[in-house]
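J.: The structure follows.
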Amino acid sequence: MPEPSSYEPRGAIAGTGMGGAMDLATGEAATLERVPGQPEGGGPQDRPRSLWSDAWRDLRRNPVFLLSALVIVFLVFISVWPSAITSGNPLDCDLAKAQDGSAPGHPFGFDGQGCDVYTRTVYGARTSVTVGVCATLGVALLGSVLGGLAGFFGGAWDAVLSRITDVFFAIPVVLGGLVLLSVVTSNTVWPVIGFMVLLGWPQISRIARGSVITARQNDYVQAARALGASPARLLLRHIAPNAVAPVIVVATIALGTYISLEATLSYLGVGLKPPSVSWGIDISAASPYIRNAPHALLWPSGALAITVLAFIMLGDAVRDALDPKLR
């Protein structure tokens, strides 16, 4: 027999099962030696990523999202703990200081009633954030449930709900607020929130309905139905997680709209009423004194504009991250 050569082989030798052998490259040999079930690469970085993990990775790299998130976190902080950045009382007013400019301890000056504009601007964030968040949660929950059921079951339920949403879409929001809230005597935020939920759910309902109709036609839903999954399991386990992204995007953008709507209704006198503290109330009270004391109008107006812009920018960033077509 010939002696084995002294050079090192380039690959591994594997039996063919037929009495022969074949040369394998190093990579192919490693593939054969890999433990069955072990993912290729072996590391956590090779695991498949979901839509949500990809979206979070994109959001963390988006400066628009980071800037808007910082503004919103600050607004939430001063809404919960306004005393952390101001020691004044928004209801303490001194007519002797009415329309005065900035002074030590009062950087924004005083309004027409002698109230500290800085303190009222800080406390006004609580009302705006409360109304915006509660209205958005109510609209998203009611609209998602009704629209999701209509899109999943279809038939008469879908037809009736579609006609009802058409009726609500025909109602002007501001005019509806003037009519409905003018008869409310409560001085809390809940009538305003209830009005926004009443007229805001049709938009979310349409979005949820279309998203559910698209998701229920996917192959994995048909396979689960063929395996005997119940309608509740299909809707909650397979369809809802894959249909909720458009609802989140629209609700995030709408949050800023609800904040501006509350300020508009309060400005017109049918939303919150004194002694409640609201940017809309302060803007309405400062409008007659815009020539003599413009600072009383500019500071709450600027706070309102920055807040609405932050939520709209956040919604745009979330939309870009969750929409695969924009990748």
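The values are calculated or read from the model by the stated rules, or taken from the named source; none is laboratory data. Small disclaimer: the values here were computed from a predicted structure and weren't measured. Using ideal geometry, Cβ is built from the backbone for each residue, glycine included, and neighbour counts are taken over all protein chains shown. Remember, those area values only see protein heavy atoms, side chains included, never the ligands or the DNA or RNA. Shrake-Rupley method; radii C 1.70, N 1.55, O 1.52, S 1.80 Å.
J.: Do you know which of the residues in the range 235-247 that are in contact (Cβ under 8 Å) with a residue 24 or more places away in the chain and surrounded by 17 or more Cβ atoms within 10 Å (Cβ to Cβ) is farthest from the chain's Cα centre (by Cα)?
T.: The residue in question is Leu235.
J.: In this structure, does Ala254 turn out to be in a helix (DSSP H, G or I), of a type outside the set (S, T, N, Q) and surrounded by fewer than 18 Cβ atoms within 10 Å (Cβ to Cβ)?
T.: When the stated conditions are applied, Ala254 does not pass them.
J.: Which pairs have Cβ atoms under 8 Å, sit 6 or more apart or on different chains, and link a residue in the range 46-61 that is closer than 14 Å to Arg319 by Cα and of a type in the set (Val, Ile, Thr) to one that is exposed (fewer than 12 other Cβ atoms within 10 Å of the Cβ) and modelled with pLDDT of 80 or more?
T.: none
J.: Among residues belonging to the range 274-289 that are assigned to a helix (DSSP H, G or I) and of a type in the set (A, V, I, L, M, F, W, C), point out the one that is surrounded by the fewest Cβ atoms within 10 Å (Cβ to Cβ).
T.: Checked the range 274-289; the qualifying residue surrounded by the fewest Cβ atoms within 10 Å (Cβ to Cβ) is Ala285.
J.: Can I ask one more? Please verify whether the range 227-236 includes one or more residues that are of a type in the set (Lys, Arg), in a helix (DSSP H, G or I) and modelled with pLDDT of 85 or more.
T.: yes
J.: So, in the range 72-117, exactly how many residues are open to solvent by 30 Å² or more (accessible area, probe 1.4 Å) and among the acidic types (Asp, Glu)?
T.: Qualifying residue count for the region: 3.
J.: Going through the range 290-327 one residue at a time, which ones are among the β-branched types (Val, Ile, Thr), surrounded by fewer than 22 Cβ atoms within 10 Å (Cβ to Cβ) and at pLDDT below 90?
T.: Ile290
J.: While we're looking at this one, here's another question. Quick one: in the range 147-165, of everything that is farther than 20 Å from Gly200 by Cα and of a type in the set (Gly, Ala, Ser), which residue is most open to solvent (accessible area, probe 1.4 Å)?
T.: Checking each candidate, the answer is Ala156.
J.: Sort out for me the helices (runs of 4 or more DSSP H) sitting completely within the range 99-185 that have 3 or more residues that are touching a residue at least 60 places away in the same chain (Cβ under 8 Å) and under 18 Å from Leu297 (Cα atoms).
T.: 117-153
J.: Give me the pairs: first residue in the range 72-97 and closer than 22 Å to Asp111 by Cα, second residue outside any loop (DSSP other than H, G, I, E, B) and hydroxyl-bearing (Ser, Thr, Tyr), beta-carbon distance under 6 Å, and six or more apart or on different chains, which are they?
T.: Going by the 6 Å Cβ cut-off, the qualifying pairs are Pro82/Tyr123; Thr86/Thr119; Gly88/Thr119; Pro90/Thr119; Pro90/Tyr123.
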